[in-house]
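The values are calculated or read from the model by the stated rules, or taken from the named source; none is laboratory data. Because the structure is predicted, anything quoted here is derived from the model rather than measured. Cβ sites come from the backbone with ideal geometry, for glycine too, and all protein chains shown count toward neighbours.
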Amino acid sequence: MNSFADRLQASIEKSDSVLVAGCDPVIDALPPFLLAEATRRHNTDQGVISHVLESLGEAFLAAIAGNVAAVKPNIAFFEQYGLAGLSAFGKLCREVRAQGIPVVTDAKRGDIGSTAAAYSAAYLGQATVGGKPYRAFETDALTISPFLGFDTLEPFLTDCVLHGKGLFVLVQTSNPGAKALQGLSAEGSTVSHHVARWLAQHAEKLQGACGWSGLGAVVGASYPQEAKDLRAVMQTNFFLVPGLGAQGAGAEDAVAGFATRGGKRGGALVNASRGLLAGSCSNLEELQQLIRTNAKKFNAELNQAIAS
């Protein structure tokens, strides 16, 4: 079984991209033709929701192939539409992985004991039904929160070891209020640095042959100096970097926490979500082209920043 870190690094090299395409659907904010077409074809809310989300997924799949290193669907944006949304989420995950592109589920799960184990079973491991294994969602990695204590990370880490999956643990998030908690000082360092040290100490458990660890860290682009400081602590952990574009960070900020190895900068993914849909379109083909064009623009900006 190859590791998540190795699959991710192979995808980065194959696509020549460090971009992870976020998928955060809000139906009323999507191009209007999607809802108009769905309404013509269906007379139930569930039918409309399914049609819109699956049409978006179709465009997404066509646009991202060869242009991104990974895909990051945010489960909350699918959950808000109930069972139809979760069905669309599951389908998107299956179809993205069928193209050989890793899926990072953005769910920020975190709880104690058996609850953490159940969350992990849903996205990383497996449940059992009648003694037989059952996988609810096929994903490659999961974002999780450490703020209930490091013991709550263990069930997720165990499943990652068993099933070749990965984690991205919240360390320094990109939102303006992040430092109110993450920046608090405790025993001589910030909360973020305490989490970073734990991740560095356990990195080898998900270390790939590529040298990077699939025990990753979420480190926002909004705090580039903090990203550099955290990279000094977590030298082999993959970073997931939100905040590019819509949240105000530029490409130079986003790559601040990249590691340098053998003269090359790497060890990180940079997320773009809303920015992939920036622009106007009036049909599915134009939507595909819009996503593709925006992805290529982000790639060019990031690759230039990496090279500088």
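Looking at the stretch 1-92, the helices (runs of 4 or more DSSP H) lying wholly inside it that each contain 1 or more residues that are under 17 Å from the mean Cα position of the chain (by Cα) and small (Gly, Ala, Ser) sit at 4-15, 45-64, 75-79.
Tally the residues that are surrounded by fewer than 16 Cβ atoms within 10 Å (Cβ to Cβ) and either touching a residue at least 12 places away in the same chain (Cβ under 8 Å) or part of a strand (DSSP E or B) (or both), restricting the search to the stretch 266-285.
Taking the stretch 266-285 first, the residues surrounded by fewer than 16 Cβ atoms within 10 Å (Cβ to Cβ) are 274, 278-280, 282-283, 285.
Adding the requirement that they be either touching a residue at least 12 places away in the same chain (Cβ under 8 Å) or part of a strand (DSSP E or B) (or both) leaves 274, 278-280, 282-283.
The qualifying residues number 6.
When the stretch 50-86 is filtered for residues that are in contact with a His (Cβ under 9 Å, 6 or more places away or on another chain) and of a type outside the set (Gly, Ala, Ser), only His51 remains.
Within the stretch 167-178, the set of residues being more than 13 Å from Pro146 (Cβ to Cβ) and surrounded by 14 or more Cβ atoms within 10 Å (Cβ to Cβ) comprises Ser174, Ala178. Out of all the residues in the stretch 120-133, is one or more within 24 Å of Ala249 (Cβ to Cβ) and of a type outside the set (Asp, Glu)? No; the residues of the stretch 120-133 include none that is within 24 Å of Ala249 (Cβ to Cβ) and of a type outside the set (Asp, Glu). Considering Gly257, Gly211, Gly216, the condition of being under 19 Å from the mean Cα position of the chain (by Cα), assigned to a loop (DSSP other than H, G, I, E, B) and in contact (Cβ under 8 Å) with a residue 24 or more places away in the chain is satisfied by Gly257 alone.
Looking at Leu181, is it on the phi < 0 side of the Ramachandran plot, without any contact (Cβ under 8 Å) to a residue 40 or more places away in the chain, part of a helix (DSSP H, G or I) and surrounded by 17 or more Cβ atoms within 10 Å (Cβ to Cβ)? It is false that Leu181 is on the phi < 0 side of the Ramachandran plot, without any contact (Cβ under 8 Å) to a residue 40 or more places away in the chain, part of a helix (DSSP H, G or I) and surrounded by 17 or more Cβ atoms within 10 Å (Cβ to Cβ).
Would it be correct to say that Lys264 is out of contact with any helix residue (DSSP H, G or I) (no Cβ under 9 Å at 6 or more places or on another chain) and over 19 Å from Val169 (Cα atoms)? Don't jump to the end; show me each part of the working.
On the way: out of contact with any helix residue (DSSP H, G or I) (no Cβ under 9 Å at 6 or more places or on another chain): no; over 19 Å from Val169 (Cα atoms): yes.
For Lys264, the condition - out of contact with any helix residue (DSSP H, G or I) (no Cβ under 9 Å at 6 or more places or on another chain) and over 19 Å from Val169 (Cα atoms) - is not met.
Is there a residue being buried (at least 24 other Cβ atoms within 10 Å of the Cβ), in contact with a Cys (Cβ under 8 Å, 6 or more places away or on another chain) and touching a residue at least 40 places away in the same chain (Cβ under 8 Å) anywhere in the stretch 3-22? Yes: the stretch 3-22 contains one or more residues that are buried (at least 24 other Cβ atoms within 10 Å of the Cβ), in contact with a Cys (Cβ under 8 Å, 6 or more places away or on another chain) and touching a residue at least 40 places away in the same chain (Cβ under 8 Å).
From the list Thr139, Thr115, Thr152, Thr105, which one is modelled with pLDDT of 95 or more and in a strand (DSSP E or B)?
Working: Thr139 fails: in a strand (DSSP E or B); Thr115 fails: in a strand (DSSP E or B); Thr152 fails: in a strand (DSSP E or B).
None of the other options fit; the residue is Thr105.
Filtered by the rule that a residue be under 20 Å from Val169 (Cβ atoms) and in a loop (DSSP other than H, G, I, E, B), the stretch 221-254 gives Ala221, Ser222, Tyr223, Met234, Gln235, Thr236, Pro242, Gly243, Gln247.
Could you go through the stretch 64-84 and let me know if any residue there is crowded, with 16+ Cβ neighbours inside 10 Å and without any contact (Cβ under 8 Å) to a residue 40 or more places away in the chain.
Here is the first cut: in the stretch 64-84, the ones crowded, with 16+ Cβ neighbours inside 10 Å are 64, 67-75, 77-78, 81, 84.
Still in the list and also without any contact (Cβ under 8 Å) to a residue 40 or more places away in the chain: 75, 84.
Yes, the stretch 64-84 contains a residue that is crowded, with 16+ Cβ neighbours inside 10 Å and without any contact (Cβ under 8 Å) to a residue 40 or more places away in the chain.
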